Amino acid sequence: MATFGQTVKEARLKNKLTMRELSKLTGLSIGYICDIEKGRKIPKNAHTIFSIDLKLNTSVDLTDLAITERLKNKAYKAMFDLLEYSFKRQASDNNYPFDGLKEIAESRSTYHLEKILEDIGD
C-alpha cells in the first residue's frame, strides 16, 4: 500500500503538476509539499488534506490514509519507547538480548524497528 506522501506525489505527477503549481493551487509552501511527498510530514489539518485531495482529484481517501499513517507512527513511537526503556534498564549490566540492540535503541529509526519485528517473527 502506498503511503500518504507517495499517493500525493503520484497524483501530482498524473495531473502533470509541478510542486510549485500544486503549491499555488493549495496555498501550501513548496517545502511543505516536498516534506509530504518524502514522508517527513503528514498533515494534521483536515482542511489541508481536503485541499490537496480536491486539487489532485485522487481516487484514494487521503484523510483515511493520513489518519492511518499517523496512528502507525504513534504505535512505532510507543514500541520504541518501550524498547528503549527496556534497553536502558539492561545497560548497566551490558546484558542485551541480542547484538546491536543498544544501537537500535539509540537510533530510534522506523527501519530498525521493522527489522527487529522481522527478526523476532523469524
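Quick notes on this structure:
- Close pairs (7 angstrom Cβ cut-off, 6 or more residues apart or separate chains): touching a residue at least 24 places away in the same chain (Cβ under 8 Å) in the range 52-67, of a type outside the set (Lys, Arg) and assigned to a loop (DSSP other than H, G, I, E, B) anywhere: LEU56/ASN15; ALA66/ILE42; ALA66/PRO43
- Single residue of the range 47-66 satisfying the filter (closer than 16 Å to LEU17 by Cβ and surrounded by 14 or more Cβ atoms within 10 Å (Cβ to Cβ)) that is farthest from the chain's Cα centre (by Cα): LYS55
- A single entry from LYS55, LYS41 fulfils the requirement of being in a loop (DSSP other than H, G, I, E, B) and modelled with pLDDT of 80 or more: LYS41.
The values are calculated or read from the model by the stated rules, or taken from the named source; none is laboratory data. In this text, all values refer to a predicted model and were calculated from it rather than measured experimentally. Cβ atoms come from the backbone with ideal geometry, glycine included; neighbour counts cover every protein chain shown.
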